[in-house]
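Q: I'd like to ask you about the structure that follows.
The values are calculated or read from the model by the stated rules, or taken from the named source; none is laboratory data. Keep in mind that this is a model prediction, so the values were computed, not measured. Cβ atoms come from the backbone with ideal geometry, glycine included; neighbour counts cover every protein chain shown. Areas reflect the complete protein model, heavy atoms only, side chains present, ligands, DNA and RNA absent. Shrake-Rupley method; radii C 1.70, N 1.55, O 1.52, S 1.80 Å.
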Amino acid sequence: MSATEELVAALGRYACGQSGGGHRAGGYALDCGAAAGRLEARGRPQPPRRARKAPRTHLHAELVRRRRDPAPSPKVAVQEALAALALGRDGDGAGAVEALLARDGEEPIPCDWQRRYKTRAMDYWDHFYVEKSVNFFKDRHYLREEFAELMPEEVLSDPRRWIAPLSVASQAAEEEPPPQALDVADLAARLAGRTVVLEVGCAVGNGILPLLRANDNLFGLACDLSPTAVELLRQKEEYRCGRCVAFASDITCAADGQPTPEHQAVESVVPPESADFATLLFVLSAIDPALHRAVIARLRSHLRPGGMVLFRDYGRGDLAQLRFGPGHWLGGDLYVRADGTLAAFFTLETLRGEFEAEGFDVVECEYRRREIVNRGTGVVMPRVWVQGKFRR
């Protein structure tokens, strides 16, 4: 029975219940609400139904305790460091932040759990998208200003203007095979004459789709570790614009190391030296730092000579890093969130060194800082990002 038929039947049962004057009318009303909800949901991207529990973390017992007692635990050291920054005592504030980041007296989480988080990242990210669907991240419209290399002149003149959503170009485009079904040779033909951007860690399209809207000549190749995220992206109407290929891939592995049969190595989909740009937007921070150089090297092989990697991620000292309490630290500037996903924080020296070691020229590498002030308490909350442009 379709969702529409379910709704009609439920309305009929509700009418009968009302005419009977009985106590069951409330139950029929619930039937109507449920059927209406299913009908409304048909128009939105839905995550695949996967009947499995959330992957376990070493913080499971702590999460259970918090559900029973949701009162936030005071983080005295964090509050003191932020208060010092708010007072403008540069020396004291910076010292308090550094003392907090040093994690003196704290032991990293056990090695077996560290290994689990690093090697089973797909499980944790896939569950994240099963829970959050398409509703967690906002579209990254700021990319029009931050990465002007991707934008045409008419957008650069007014990068904050409204841009219409993508649409299917023609009926013929709908009848073509889905882009992810093309082999490398067919895809290479489709990329001819286009500016090609390879987005690693595309999630549900909050980066690649705004870029395609703003530049009609862009062709997007998008991959993500989470098959659920890729499926949610493919379900979006804008994906059928004919200028996007999305596929599940572990960017850290070659073809023989992919985690599932539905994953494809980047080498199996993206022609060599075919991309003009590659984007790493909050992606390396979610990957084991020991694999960062391998990821950068793999991207280099798919960039055309003169191609560029556009990078943005968390910087050391960001508010998100300061807020991590005991039990989240893996050592250095690497942490694990409560949901099992990794979070690394970068310095300019580290990032620059990794790209230079893989043969890139540094065009830009700098901190982007923003301070958010709580007007009620006067507490300064620092946001720190690292932004870079690296040319092959």
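Q: Sort out for me the helices (runs of 4 or more DSSP H) sitting completely within region 233-330 that have 1 or more residues that are modelled with pLDDT under 95 and open to solvent by 10 Å² or more (accessible area, probe 1.4 Å).
A: Ranges flagged: 266-269, 319-322.
Q: Something else now. Need pairs with beta-carbon distance below 7 Å; first residue within 19 Å of Phe128 (Cα to Cα) and touching a residue at least 40 places away in the same chain (Cβ under 8 Å) and within region 231-253, second outside any loop (DSSP other than H, G, I, E, B) and among the charged types (D, E, K, R); sequence gap 6+ or separate chains.
A: Matching pairs, first to second residue: Ala246/Arg234; Ile251/Arg298.
Q: Hey, another quick one. Quick one: in region 194-221, which of the residues that are within 24 Å of Arg160 (Cα to Cα) and assigned to a strand (DSSP E or B) is farthest from the chain's Cα centre (by Cα)?
A: Only one residue tops the list, namely Thr195.
Q: Another one. Within region 295-317, count every residue that is over 20 Å from the mean Cα position of the chain (by Cα) and among the aliphatic types (A, V, I, L, M).
A: Of the residues in region 295-317, 3 are over 20 Å from the mean Cα position of the chain (by Cα) and among the aliphatic types (A, V, I, L, M).
Q: Might you let me know whether region 384-392 holds any residue that is open to solvent by 40 Å² or more (accessible area, probe 1.4 Å), of a type in the set (D, E, K, R) and assigned to a loop (DSSP other than H, G, I, E, B)?
A: So far as region 384-392 goes, yes, one or more of its residues are open to solvent by 40 Å² or more (accessible area, probe 1.4 Å), of a type in the set (D, E, K, R) and assigned to a loop (DSSP other than H, G, I, E, B).
Q: Restricting the search to region 331-374, which residues are modelled with pLDDT under 95 and among the polar types (S, T, N, Q)?
A: Answer for region 331-374, where residues must be modelled with pLDDT under 95 and among the polar types (S, T, N, Q): just Asn374.
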